[in-house]
Amino acid sequence: MSRRTASEDLQLTLTTRIAVRELFNGDQTVYPVTEPNLVNYGGSDASLDELKAFLEEHLLQIEPEKLSNYALPEETWLLELDVPLVREELPRQIKARTLSVTIPCAVIPFGTATWVMILPLVHMLYVRPDEDLEQCVGDEVQRMIAAMELSPQEFLRLLPGQRAWLEPLDVDLNLLQRGPQGRHASLQRALAKKNKRKQARDVLESIATAVHDWPEAKKAPALIGRDVERKTLHGLLSGKERLSVLLVGAERCGKSALLLDWLRAERSDGRVRPVYATSGARLIAGMSIQGQWQARLRRVLEAAELLDAILYFDDLRDLLVERPGQGGADLAGAIKPFLDEGRVRLVGELTSEQVDRMEGRHVGFFSCLGRLRVQPLTAAQTTEAIQRRVEWLGRHAPHRPNLAMDAVEVLIDLTDRYMPYQAFPGKAVGLLEEARSLFDRERTAEGEPITIDKRRVYRVFSLKTGIPEFLLRDDHALKLDAIVANFRARLIGQDEAVRRVAETVCVVKAGLQPTGKPLAVFLFVGPTGVGKTEMARSLAAFLFGAADRMVRFDMSEFMDPGAAQRLIQGTDRAEGMLTREVRRQPFCVLLLDEIEKADPAVFDLLLQVCGEGRLTDARGRTAYFHNAIIIMTSNLGAAHHRPKVGLLASSDDGALQTYYVDQVNATFRPEFVNRLDRIIAFHKLTPEQVAEVSKVLLNAIQARQGLAEAGIQLKLSDAALAHLARGGYSEKYGARALRRHLDDTLVAPLAAALAAHSHRLRNATVLVTREGEPWPEEEGSRKLELTGWSRGGLTGVVLQGKATQARQELHGMAGIAEMRRRVDAWMAWDAVDEVRDRLEVIQAQLNYGRKGRGDRRASAQLAELQAEHHHLNTLWSEATSLRRAVYEMEELGMSALFDEEGLAPFVAEAREAYRRFQHHLIKMTLALRPKRDQITLLVQEPDPGRPMDRWLLPLLDLIDERGWSLRAHGHRVTPRSDETSWSNPWWGPSRDGSWLRSRLQEEERSFRQVLLRIKGSWAGVMLAFEAGLHRWSNFGGEHDPSHLLVHTLALRTDIKPAEWARHVEPPAFIEDAVLSIRKPERHTRRISRRAGDTLEILGGARSMKLEPDPGAHPYWGSWEDVVFEHLMALNARGERLDPLFSGLLDRVKKDDEDEDDTTG
């Protein structure tokens, strides 16, 4: 029978409740519920440790009956009560606004009754069982605050922080230390313990990241299909014995997510387990002297031992030396003793292949790790996981884009088919997050985050992988004739080959190719220089958007017996050349040139590639060819083929195809030929076809970097082009002979001439003619000849470009500098400063390392802050980006000026950035307006000149283009038979935009007034600038000038029944005589139909030119420019924007309220 010692009997662990108040900067105030005056302030970890050390000393000094007050029941809970408060000392206008303050209270059960500690007031209240708890607490708070007559500073203390909660805290008491000496010794030990833990945290934070503070370690969707792994990991990490775990699984299969799930489970059980993510590189960074890294590593391990912290390595390879004993830091060997003795917990991640390769070199280290295999999820499990994640994101991140439920299946299908090297669920989650990031800045017409539908998923996946959308989407048509036309533009004289390749592309598009094989396997046969390689390059450009998506191997380099090893299998240290390229670029055209020259061992391996679509190298890594098109080329039989002539000649391509098929069957093994999808024969080129090829090659020469960047134009006369084609024709060598002839006869002398005058060639023209041929008339008058040459029957001259006056260059530079100065001035506007200040305020409120359990209200407030921060930060980032673009154009323009280069491109780009900044400045100025996206307008046609045709009809096009919504009410429009509930005497029932368009286009309209309710992103504040009188003059016709009146009723679209009945009566028309002398807000004057119009704004305060544009309406197509000029006019006058956004209904409402106040 064991006996307890006296010292054990005097040991006491007291569990009390601590109120935690989290501030907006992330720090906390903590204090005991029973004694709120004992407050400690600090960071999330240190504040509770410090309070615990204090209480262990403080509670030994108080009387036993007071000590019992700290032992609160486990059922104690936190009540956060919104209490309305009225401050009588405030002005009447402010006092009229009801202020609600959240008061945290600790509710302590006491039998059937309740004690409530009102924490901010340090006041205890007793509530009987028959009383309403919240009502009693609210009344008591209001009574006490009214009696206390708080000063403004004291009132601020009542305001809540970011969130609050109750935290249980175990306080260890040694009753032997109640004397003075005992208390002193206890305090010293507590302080020493606190300092050691703080130092340990500092050591770990210097080389690691606190995983337990990551948002995913606190809140995330529950895992799917991981019940066994979760229980196993819990058993390994949650016990008292300090074990280490190796998570083994494919990349992105969910190993890290499993660890984060365990952290969330521990947190939900009231335990915050410290986990620090680090790496081998961080452990030894900066440690260059012998013994330094060993000392640092020991400090890290001892700190982890003291805190019982887990060291987490998301890639354990970084910790392992490839060749122990050959130099390098053997971190694993140094860590192993701590793992052997159970002093430190470690969690690492590796793939199965990495374990197999490294375990033999670090047997002792791996023996210390418990192994937990994490298998990838199936497609069905991943579908369920993504659906659950989408639901969770909808609740916890409503301010950001989210995936539509009907798009989940598309996302899973795409990642399953086209991303074979990554595992589920990681590759699907990764694509989802990329899509959310890509569409983060887009908003609906109502200003809400968009929903990522199937169309957008296809778009994101296409951008990520390079696979064009027309191959991914069933609703995108792909016509055979269009494919043929695309290839014929680049490939001359091979119509049959083009059609056969195009048909195969259609098979791939239809998804009819065999599964488990490459998309297609072609063998191109024919003479050299006829377009076999160009066909492969054109196919890569068509399918994948770029010719560099073609992976090429010259098989003449793989004729030796070891070719297969180099090409496919690789070694222990490096991947095979072919498998590496296909893994790096799985969506490609793979070209194996001159395949007949390859070693027979290569053909053996190609059988597996063409048949099964995959290869495995010596490292155990599989390369998949399922999304590649394999093209092999060969010259077999080309040298011996002679076409029939005379009466036996035939235009049928069948004979040529049969000849080359026979050659292939005679050379290659049947099992190899049987794996080819198509054998495609290529013709020799005729002289006429070579002439067409010469045009294609000349276009390629013109596009070369040296000519394109200098703006040099290459012009050849028809006679010169024909001469080049004749001289370069070779039946044997095809286009390759033509290319060599062009290089010798044209490119070489051209390069020599340009090199001699490189500093004077900007915008020059190179003219090439036959010897003795006169210059074209348009060039004959230009005498600024720099140099020339004569070779191979051709004459070339280089003509200097038209000189740009230095004065014009300097004027352009001064223009860029003026743009930059104006942008700087606009960035200093008060409205822009207000946006920046508001961003700083929100940033101070957002807490990225928040603790505690929180509640729905706090989460909603946080979501609102995050949404506003995202909106303003997007605007601010775009403004600074455009400002930086203007600065960069000024710097580049200055460099171009000194280097005597053309300034025009930089002036054009500066003007574009400057104009975009002007448009963006409108949003920056209006960003803090509370009502931006809705407006109700009343439009009047006071004269019969049909001005609605000029203003309202094109506005309907703009509304459709921007995705806004419109509801229209025509003046005195009769309701339909099914609209009997509508009884307004002035306005008809709500109609859509198509109804309004059809009515406006009627020859005889039934109304000249219409009420518009418009919703959409920025629609309210932008259309508010349209209010006022519009005039059109010099347009001709019986009624010239014509007028239109636009009234802003309200920056909202919800008109209440009382407002319909009392205040939406149309104002009387203004007489023509009055209209003619009134200064209009918009005055459009017609110059001519070709020259366009001039627009005067605010009675001529600003004016601008409306250029005629067949693709856009002259006014609404330049609408942002119009609004910007209006904004500039108001700013020049020093007028405020507030009257612009005050509608008739808002003013009437205010008058009614003032009347009610007067009556009262």
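Tell me yes or no: at least one residue of the range 974-990 is closer than 30 Å to residue 1086 by Cα, at pLDDT 90 or above and not polar (S, T, N, Q). Before the answer, list the steps.
Going through the range 974-990, the residues closer than 30 Å to residue 1086 by Cα turn out to be none.
For the range 974-990, residues closer than 30 Å to residue 1086 by Cα, at pLDDT 90 or above and not polar (S, T, N, Q): absent.
Can you find a residue in the range 246-256 that is more than 30 Å from residue 416 (Cβ to Cβ), out of contact with any Gly (no Cβ under 6 Å at 6 or more places or on another chain) and outside any loop (DSSP other than H, G, I, E, B)? Step through it out loud before you land on a result.
Of all residues in the range 246-256, those more than 30 Å from residue 416 (Cβ to Cβ) come to none.
Checked the range 246-256: no residue is more than 30 Å from residue 416 (Cβ to Cβ), out of contact with any Gly (no Cβ under 6 Å at 6 or more places or on another chain) and outside any loop (DSSP other than H, G, I, E, B).
Tell me, please, whether a residue that is assigned to a loop (DSSP other than H, G, I, E, B), free of Cβ contacts under 8 Å to residues at least 60 places away in the same chain and crowded, with 17+ Cβ neighbours inside 10 Å can be found in the range 438-446. Give the steps one after another, and end with the answer.
From the range 438-446, those assigned to a loop (DSSP other than H, G, I, E, B) are 439-442, 444-446; that's our starting set.
Next, only the ones that are free of Cβ contacts under 8 Å to residues at least 60 places away in the same chain stay: 439, 442.
Checking which are crowded, with 17+ Cβ neighbours inside 10 Å leaves us with 439.
Checking the range 438-446: at least one residue is assigned to a loop (DSSP other than H, G, I, E, B), free of Cβ contacts under 8 Å to residues at least 60 places away in the same chain and crowded, with 17+ Cβ neighbours inside 10 Å.
When the range 888-916 is examined, which residues are found to be buried (at least 17 other Cβ atoms within 10 Å of the Cβ) and of a type in the set (Ser, Thr, Tyr)?
914
Can you find a residue in the range 965-987 that is out of contact with any Leu (no Cβ under 6 Å at 6 or more places or on another chain) and assigned to a helix (DSSP H, G or I)?
Residues of the range 965-987 out of contact with any Leu (no Cβ under 6 Å at 6 or more places or on another chain): 965-967, 970-986.
Pick out the ones that are also assigned to a helix (DSSP H, G or I) and you get none.
Looking for residues that are out of contact with any Leu (no Cβ under 6 Å at 6 or more places or on another chain) and assigned to a helix (DSSP H, G or I), one finds none in the range 965-987, hence no.
Can we say residue 283 is modelled with pLDDT of 95 or more and either part of a helix (DSSP H, G or I) or not aromatic (Phe, Trp, Tyr) (or both)?
Details: modelled with pLDDT of 95 or more: no; either part of a helix (DSSP H, G or I) or not aromatic (Phe, Trp, Tyr) (or both): yes.
So residue 283 does not fit the description; no.
Within the range 204-225, does at least one residue satisfy the condition of being in a loop (DSSP other than H, G, I, E, B), within 20 Å of residue 383 (Cα to Cα) and either among the basic types (Lys, Arg) or modelled with pLDDT of 95 or more (or both)?
Within the range 204-225, none of the residues are in a loop (DSSP other than H, G, I, E, B), within 20 Å of residue 383 (Cα to Cα) and either among the basic types (Lys, Arg) or modelled with pLDDT of 95 or more (or both).
Among the residues that make up the range 13-23, is at least one of them surrounded by fewer than 18 Cβ atoms within 10 Å (Cβ to Cβ) and either assigned by TED's automatic domain parsing to the domain that holds residue 840 or without any contact (Cβ under 8 Å) to a residue 24 or more places away in the chain (or both)?
Here is the first cut: in the range 13-23, the residues surrounded by fewer than 18 Cβ atoms within 10 Å (Cβ to Cβ) are 13-15, 23.
Checking which are either assigned by TED's automatic domain parsing to the domain that holds residue 840 or without any contact (Cβ under 8 Å) to a residue 24 or more places away in the chain (or both) leaves us with none.
Scanning the range 13-23, I find no residue that is surrounded by fewer than 18 Cβ atoms within 10 Å (Cβ to Cβ) and either assigned by TED's automatic domain parsing to the domain that holds residue 840 or without any contact (Cβ under 8 Å) to a residue 24 or more places away in the chain (or both), so the answer is no.
Name, by its number, the condition in (1) modelled with pLDDT under 95; (2) buried (at least 16 other Cβ atoms within 10 Å of the Cβ); (3) within 30 Å of residue 333 (Cα to Cα) that does not hold for residue 423.
(3)
If you go through the range 166-182 one residue at a time, how many are within 30 Å of residue 84 (Cβ to Cβ) and at pLDDT below 75?
Residues of the range 166-182 within 30 Å of residue 84 (Cβ to Cβ): 166-167.
Next, from what is left, pick out any that are at pLDDT below 75: none.
Counting residues in the range 166-182 that are within 30 Å of residue 84 (Cβ to Cβ) and at pLDDT below 75 gives 0.
Answer yes or no: is there a residue in the range 917-927 that is surrounded by fewer than 18 Cβ atoms within 10 Å (Cβ to Cβ) and modelled with pLDDT under 90. Lay out the reasoning, then the answer.
To start, the set of residues in the range 917-927 that are surrounded by fewer than 18 Cβ atoms within 10 Å (Cβ to Cβ) comprises 919.
Those left that are additionally modelled with pLDDT under 90: none.
No: zero hits.
Of all residues in the range 301-316, count the ones that are out of contact with any helix residue (DSSP H, G or I) (no Cβ under 6 Å at 6 or more places or on another chain), in a helix (DSSP H, G or I) and either farther than 29 Å from residue 271 by Cβ or not acidic (Asp, Glu) (or both).
Summing the residues that are out of contact with any helix residue (DSSP H, G or I) (no Cβ under 6 Å at 6 or more places or on another chain), in a helix (DSSP H, G or I) and either farther than 29 Å from residue 271 by Cβ or not acidic (Asp, Glu) (or both) in the range 301-316 gives 2.
Being closer than 25 Å to residue 12 by Cβ and within 46 Å of the chain's Cα centre (by Cα) is true for just one of 67, 48, 60, 72. Which residue is that?
Values: 67 fails: within 46 Å of the chain's Cα centre (by Cα); 60 fails: within 46 Å of the chain's Cα centre (by Cα); 72 fails: within 46 Å of the chain's Cα centre (by Cα).
Result: 48 is the single residue among 67, 48, 60, 72 that is closer than 25 Å to residue 12 by Cβ and within 46 Å of the chain's Cα centre (by Cα).
In the range 1095-1108, what residues are more than 23 Å from residue 1135 (Cβ to Cβ) and either among the polar types (S, T, N, Q) or touching a Lys or Arg at 6+ places or on another chain (Cβ under 9 Å) (or both)? Quick ask: steps written out before the conclusion?
Taking the range 1095-1108 and keeping what is more than 23 Å from residue 1135 (Cβ to Cβ), we get 1105-1108.
Answer for the range 1095-1108, where residues must be more than 23 Å from residue 1135 (Cβ to Cβ) and either among the polar types (S, T, N, Q) or touching a Lys or Arg at 6+ places or on another chain (Cβ under 9 Å) (or both): just 1108.
Return the pair list, or none, for Cβ contacts closer than 7 Å from residues in the range 574-592 that are within 22 Å of residue 354 (Cα to Cα) to residues that are of a type in the set (S, T, N, Q) and at pLDDT below 85, at least 6 apart or on different chains.
If the second residue must be of a type in the set (S, T, N, Q) and at pLDDT below 85, the pairs left are 576/569.
So, residue 423, is that one assigned to a loop (DSSP other than H, G, I, E, B), of a type in the set (Gly, Ala, Ser) and in contact (Cβ under 8 Å) with a residue 24 or more places away in the chain or not? Before the answer, list the steps.
Numbers: assigned to a loop (DSSP other than H, G, I, E, B): yes; of a type in the set (Gly, Ala, Ser): yes; in contact (Cβ under 8 Å) with a residue 24 or more places away in the chain: yes.
Yes: the conditions hold for residue 423.
Criterion first (free of Cβ contacts under 8 Å to residues at least 24 places away in the same chain, closer than 30 Å to residue 684 by Cβ and in a helix (DSSP H, G or I)) does residue 700 satisfy it? Please lay out each step first, then the result.
Details: free of Cβ contacts under 8 Å to residues at least 24 places away in the same chain: yes; closer than 30 Å to residue 684 by Cβ: yes; in a helix (DSSP H, G or I): yes.
In short, yes.
Which helices (runs of 4 or more DSSP H) does the range 448-524 wholly contain that include 2 or more residues that are at pLDDT 85 or above? Don't jump to the end; show me each part of the working.
Details: elements: 454-465, 469-472, 480-488, 495-510.
Where helices (runs of 4 or more DSSP H) fall fully within the range 448-524 and carry at least 2 residues being at pLDDT 85 or above, they are 454-465, 480-488, 495-510.
Which fully enclosed strands (runs of 3 or more DSSP E) of the range 67-120 have 3 or more residues being loosely packed, with under 13 Cβ neighbours inside 10 Å and modelled with pLDDT of 90 or more?
Details: elements: 77-85, 99-110, 113-118.
Per the criteria, no element qualifies.
Of all residues in the range 33-50, count the ones that are modelled with pLDDT under 90 and among the aliphatic types (A, V, I, L, M).
Going through the range 33-50 one residue at a time, the tally reaches 2.
Name the one entry in 163, 157 that is surrounded by 13 or more Cβ atoms within 10 Å (Cβ to Cβ) and modelled with pLDDT under 80. First the steps, then the outcome.
Values: 157 fails: surrounded by 13 or more Cβ atoms within 10 Å (Cβ to Cβ).
Step by step, each of 163, 157 is checked, and only 163 is surrounded by 13 or more Cβ atoms within 10 Å (Cβ to Cβ) and modelled with pLDDT under 80.
Looking at residue 281 and the list (1) of a type outside the set (D, E, K, R); (2) within 26 Å of residue 377 (Cα to Cα); (3) surrounded by fewer than 20 Cβ atoms within 10 Å (Cβ to Cβ), which single condition is not satisfied?
(2) is the only condition that residue 281 fails.
This table checks each residue for (1) within 21 Å of residue 1085 (Cβ to Cβ); (2) of a type in the set (Lys, Arg).
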site: 1007; (1), (2): no, no
site: 1012; (1), (2): no, no
site: 1019; (1), (2): no, no
site: 1023; (1), (2): no, no
site: 1037; (1), (2): yes, no
site: 1056; (1), (2): no, yes
site: 1062; (1), (2): no, yes
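Conditions tested, residue by residue: (1) part of a helix (DSSP H, G or I); (2) modelled with pLDDT of 90 or more; (3) surrounded by 12 or more Cβ atoms within 10 Å (Cβ to Cβ).
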| position | (1), (2), (3) |
| --- | --- |
| 586 | no, no, yes |
| 604 | yes, no, yes |
| 615 | no, no, yes |
| 655 | yes, no, yes |
| 665 | yes, yes, yes |
| 675 | no, yes, yes |
| 680 | no, yes, yes |
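The values are calculated or read from the model by the stated rules, or taken from the named source; none is laboratory data. Keep in mind that what you see is a predicted model, and the values were worked out from it rather than measured. Heads up, the Cβs are rebuilt from the backbone with ideal geometry, glycines too, and the neighbour counts pull from every protein chain shown.
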